[in-house]
Amino acid sequence: MAKINADSYILVVGCGAIPVTPIILSDKTKIKIIAIDNDPKAVVLASRFVEKHHLQEKIEIACFDGVKYQAEDFDVIFVSYGVERKEELMKYLSENISNNSKIVCRVSRDFDNKKQNFYYLSNFFKIEDIIRTYSFGPMDSYLLTKKKIDD
Ligand SMILES: C[S@@+](CC[C@H](N)C(=O)[O-])C[C@H]1O[C@@H](n2cnc3c(N)ncnc32)[C@H](O)[C@@H]1O
C-alpha cells in the first residue's frame, strides 16, 4: 500500500506492549523500524519482547508521544489503531511531515469508531486509498499524503 523500498525510513506511532506492527513490517521489508509509544509500561514490555526475540537490530523502541515526535525525516509513518488524541496527532503530522511522506493510519471499526469518526482525516490529508481488513477485527487502513494547494 505504501510502496516501501529498501531506503524507506519508517516510524510506527503507538507500537503497544507487543509490537506486532513493527515486527511484521521489519519481517516483510528487512528495514530497521523505529517504534514509539507514549506509555512507559508499554515501552518496557515492548523492549523486553524485542530483546527476548533478538530483534534489537531490527526494531528500535522508544518512549515518545507522537504529537511531539520529530516526524519530518520519515518516509512512511504508521499510526496504530487505539492511539489517543488521534485528531491532534494527525493535525500535527500533516504540519510536520515532508512533502513526499506517506501516512498509513489504521482505524479499528470496533475500537476507535465508538469514540469518534474519522472524517477529519480529509481536512488534513489527501486520502489516496483505503483498505479494509478483518484479521484483527474490522480495520481500515487509510493511505494519506500531504495536501497540495489544488487538492
Ligand atoms: C492498541 S495499541 C497498539 C497496537 C498494536 N500492538 C500494533 O502493533 O499495532 C495502541 C498504543 O498506542 C499508544 N498511544 C496512544 N496514544 C499515543 C500517542 N499520542 N503517541 C504514542 N503512542 C500512543 C498506547 O499507549 C497503546 O500502547
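Of all residues being farther than 11 Å from Ala62 by Cβ and of a type in the set (D, E, K, R) in segment 34-52, which is farthest from the chain's Cα centre (by Cα)? Just the residue, please. By that ranking, first place goes to Lys52.
Working only within segment 65-110, note down all residues that are assigned to a strand (DSSP E or B), more than 21 Å from Val50 (Cα to Cα) and of a type in the set (Val, Ile, Thr).
As a first pass, look at segment 65-110 and keep what is assigned to a strand (DSSP E or B): 76-79, 102-108.
Next, from what is left, pick out any that are more than 21 Å from Val50 (Cα to Cα): 76, 102-108.
Passing the criteria: Val76, Ile103, Val104, Val107.
On inspection, Asn123 fails the criterion of being surrounded by fewer than 20 Cβ atoms within 10 Å (Cβ to Cβ), touching a residue at least 40 places away in the same chain (Cβ under 8 Å) and out of contact with any helix residue (DSSP H, G or I) (no Cβ under 7 Å at 6 or more places or on another chain).
Among the candidates Ser101, Ser94, Ser47, Ser80, the residue that is polar (S, T, N, Q), free of Cβ contacts under 8 Å to residues at least 40 places away in the same chain and either near the ligand (Cβ under 8 Å from one of its atoms) or surrounded by 16 or more Cβ atoms within 10 Å (Cβ to Cβ) (or both) is uniquely Ser47.
The test for being over 27 Å from Lys30 (Cβ atoms) and among the aliphatic types (A, V, I, L, M) holds for Val67. Of all the listed residues (Ala42, Ala62), the sole one being within 13 Å of the ligand (Cβ to nearest atom) and either outside any helix (DSSP H, G or I) or at pLDDT below 95 (or both) is Ala62.
The values are calculated or read from the model by the stated rules, or taken from the named source; none is laboratory data. Fair warning: this is a prediction, and the values are worked out from it, not measured in the lab. Note: ideal-geometry Cβ built from the backbone for every residue, glycine included; neighbour counts use all protein chains shown.
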